[in-house]
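The values are calculated or read from the model by the stated rules, or taken from the named source; none is laboratory data. Computed from a predicted model, the values in this text were never measured in an experiment. With ideal geometry, Cβ positions are generated from the backbone for all residues, glycine too; neighbour counts draw on all protein chains shown.
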C-alpha cells in the first residue's frame, strides 16, 4: 500500500520520506560513485576496519603482543629511550617499541584501532537507538507527551558531554570493563540531537498520504511507526550516524587522553597519546603514529559521511552542482557557444554549396537555351 501511495506523492514532499527500494539503492550507489573523495574515504575506512578485525592475526604474524614488556630493548641509562634507530624498529618490531616499557608499538597500534573503532561504533548504536525511540515517541504521542520528551531532550542537549563523561567515569569502579563503560556513557549522554532530527522528520512523514491511508485502515500507532515511518527515517538516521562515528572516536580519544577513558594495559589511541606527550623529542614515532592514525580515521569517516549525506539527498547534490559557481557556468556557456558556432558554420557551408549548385544549374540551363535558339534560327 505504501509503495503505491508513494508513487502518487505530491512533488513538494521531502525526498527523505521516500523509501529507497532496489532502484533507490542503485541511484544511491551511482551518486556515491560520482564522488571520488567519498570512494577513497570508504576504501580507507574499510582498510582500517579490516586491520582492527585482523589485529590478533597481524600481531601473530609479527610474533608480538600488545602487553609484553621488553626491558632489554630499553636504554635505562637514557631514561627509557628505545635502543636502536627509529625507536627500535626491526624485523621483530615493525614500528619499534614504547619508551620505558618496551611494548611492541605495532601491536598496540592495531589493537588500539579495535578499541577506538569499537567504542565509537557501540556509542553510535546506543545514540541512534535512544534518539530514534524518543524522537518517534515524541512525534506520535499526545501534546503532553511531546512537550515532556522535547523538554527532556533539550536538557540532554544542553549537558556538556566532556564534563558529564568525566564525572560519570570517575565514580565508576575500576573493575568495570572500561571500553564498555566509555561507549555506554557517550551513548547515554549524546543522543539528544538525533532525537530532535527524528522528531522533526517524523512530523513531516506522518502527514503524507500513505501514513494517513494506513491510519484510516485501522493500523495501530506502533504498527504505523514500524511499517510506514521508520523506512522514511532511514536516510537522515544513516546520514547522522556517519557523522557521529568520527565525533565519538574523538571523544573517546579525549577521555583516554585525560586519563578517565580506557585504562592500561588495554591499548587505545588516546591513551597512547597521553603516554607519548613527554617523548615527542626522544621517540617522535610514539606520538606521530597514534596521532596520524586518529587523524586519518576521523578525516576518512567525515568525508565518507559527507558523501553519504549527499548521495542520500538528491537536493543536496543539486545544490552542490549549482553552487560550483562561475567556472561551471562559464564552461557550459563556452560549450554552447562552440556548438552554435559549429552549427552556424555547417549551415553556411550548406548555404554556399546550395548557392553554387543553383548557379551552376542556372548556367547550364542558360547555355542549353542559347544553343537551342541558335539551332532554331
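From the list 238, 249, which residue is assigned to a helix (DSSP H, G or I), touching a helix residue (DSSP H, G or I) at 6+ places or on another chain (Cβ under 8 Å) and over 30 Å from residue 172 (Cα atoms)?
238
What number of residues within the stretch 64-96 satisfy the criterion of being surrounded by fewer than 17 Cβ atoms within 10 Å (Cβ to Cβ), within 13 Å of residue 283 (Cβ to Cβ) and within 38 Å of the chain's Cα centre (by Cα)?
The qualifying residues number 1.
Restrict the check to the stretch 264-282 and report whether at least one residue is more than 28 Å from residue 309 (Cβ to Cβ) and under 23 Å from the mean Cα position of the chain (by Cα).
There is at least one residue in the stretch 264-282 that is more than 28 Å from residue 309 (Cβ to Cβ) and under 23 Å from the mean Cα position of the chain (by Cα).
Please work out if residue 290 is modelled with pLDDT of 85 or more and not in a helix (DSSP H, G or I).
Spelling it out, it is not the case that residue 290 is modelled with pLDDT of 85 or more and not in a helix (DSSP H, G or I).
So, residue 99, is that one surrounded by 14 or more Cβ atoms within 10 Å (Cβ to Cβ) and in the same structural domain as residue 290 (by TED's automatic domain parsing) or not?
Yes.
When you scan the stretch 67-78, do you find a residue that is in contact with a strand residue (DSSP E or B) (Cβ under 6 Å, 6 or more places away or on another chain), farther than 27 Å from residue 197 by Cβ and either at pLDDT below 85 or assigned to a helix (DSSP H, G or I) (or both), even just one?
Among the residues of the stretch 67-78, at least one is in contact with a strand residue (DSSP E or B) (Cβ under 6 Å, 6 or more places away or on another chain), farther than 27 Å from residue 197 by Cβ and either at pLDDT below 85 or assigned to a helix (DSSP H, G or I) (or both), which makes the answer yes.
Within the stretch 212-221, track down each residue that is assigned to a helix (DSSP H, G or I) and touching a residue at least 60 places away in the same chain (Cβ under 8 Å).
Within the stretch 212-221, 213, 214, 221 meet the criteria.
Among the listed residues 58, 48, which satisfies the condition of being outside any loop (DSSP other than H, G, I, E, B) and closer than 25 Å to residue 307 by Cβ?
Going through 58, 48 in turn, the sole match is 48.
Say whether the condition of being in contact with a strand residue (DSSP E or B) (Cβ under 7 Å, 6 or more places away or on another chain) and either in a helix (DSSP H, G or I) or surrounded by fewer than 19 Cβ atoms within 10 Å (Cβ to Cβ) (or both) is met by at least one residue in the stretch 257-267.
No.
Each row is one residue, and each column tells you yes or no for (1) under 30 Å from residue 223 (Cα atoms); (2) at pLDDT 85 or above; (3) exposed (fewer than 11 other Cβ atoms within 10 Å of the Cβ).
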site	(1), (2), (3)
8	yes, no, yes
24	yes, no, no
40	no, yes, no
44	no, yes, no
55	no, yes, no
59	no, yes, no
62	no, yes, no
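Return yes or no: is residue 233 under 24 Å from residue 162 (Cα atoms), in a helix (DSSP H, G or I), at pLDDT 80 or above and in the same structural domain as residue 42 (by TED's automatic domain parsing)?
No.
Determine whether the stretch 105-117 contains at least one residue that is touching a strand residue (DSSP E or B) at 6+ places or on another chain (Cβ under 8 Å), in the same structural domain as residue 270 (by TED's automatic domain parsing) and surrounded by fewer than 19 Cβ atoms within 10 Å (Cβ to Cβ).
No, that holds for no residue.
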